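The values are calculated or read from the model by the stated rules, or taken from the named source; none is laboratory data. Treat the numbers as computed from the prediction; the structure is a model and nothing was measured. Because the Cβ atoms are built from the backbone with ideal geometry, glycine has one as well, and the counts that use them run over all protein chains shown.
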């Protein structure tokens, strides 16, 4: 009597599919695009990346701007120039391409400018991005097995 045992081939195919997914740029593209949207959403609401309210504008500047809402938007040039870039399957960037000096001054609080750290993502939000763009798709592949 002989008993045939198999099953490694489907497992190898599943692992290969997971490896191909992880080596593609798709997960990182999703992470940086959603990361950019997160930065823009928090900034528009007047919060830094740690969800703290931005330091208020000076009375003079708020009057010039016509609003007390601190959302880093006067002309819109700085925030509208934020782009995403996928460097490799495991490295991406969200960066300001226009008005970089002004963005850096706001982000670091250089000189008389109060710090309003908008260009960053906290660990909790990064974990959510990783879950959405890495863990969930991998679990979907595993679920098909």
Practice prompt. Restricting attention to the range 16-51, report how many residues are touching a helix residue (DSSP H, G or I) at 6+ places or on another chain (Cβ under 9 Å) and closer than 17 Å to residue 142 by Cα.
Written response: 5
Worksheet entry | First in the range 7-18 and touching a residue at least 60 places away in the same chain (Cβ under 8 Å), second anywhere and assigned to a helix (DSSP H, G or I), Cβ under 6 Å, 6 or more apart | 17/141; 18/138; 18/141
Practice prompt. Report whether or not residue 68 is at pLDDT 95 or above, exposed (fewer than 13 other Cβ atoms within 10 Å of the Cβ) and over 25 Å from residue 136 (Cα atoms).
Written response: no
Fill in: Among the candidates 121, 102, 138, residue that is touching a residue at least 40 places away in the same chain (Cβ under 8 Å), in a helix (DSSP H, G or I) and either touching a helix residue (DSSP H, G or I) at 6+ places or on another chain (Cβ under 7 Å) or surrounded by 11 or more Cβ atoms within 10 Å (Cβ to Cβ) (or both)
138
Worksheet item: Does the range 9-29 contain at least one residue that is under 29 Å from residue 102 (Cβ atoms), part of a helix (DSSP H, G or I) and either under 20 Å from the mean Cα position of the chain (by Cα) or at pLDDT below 95 (or both)?
Response: yes
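Within the range 69-97, track down each residue that is more than 30 Å from residue 20 (Cα to Cα) and either in a strand (DSSP E or B) or touching a strand residue (DSSP E or B) at 6+ places or on another chain (Cβ under 9 Å) (or both). Step through it out loud before you land on a result.
Applying the first criterion (more than 30 Å from residue 20 (Cα to Cα)) to the range 69-97 yields 69-81, 96-97.
Of everything in the range 69-97, those that are more than 30 Å from residue 20 (Cα to Cα) and either in a strand (DSSP E or B) or touching a strand residue (DSSP E or B) at 6+ places or on another chain (Cβ under 9 Å) (or both) turn out to be 70, 78, 79, 81, 96, 97.
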Worksheet item: Among the residues of the range 74-93, is any over 20 Å from the mean Cα position of the chain (by Cα) and surrounded by 13 or more Cβ atoms within 10 Å (Cβ to Cβ)?
Response: yes
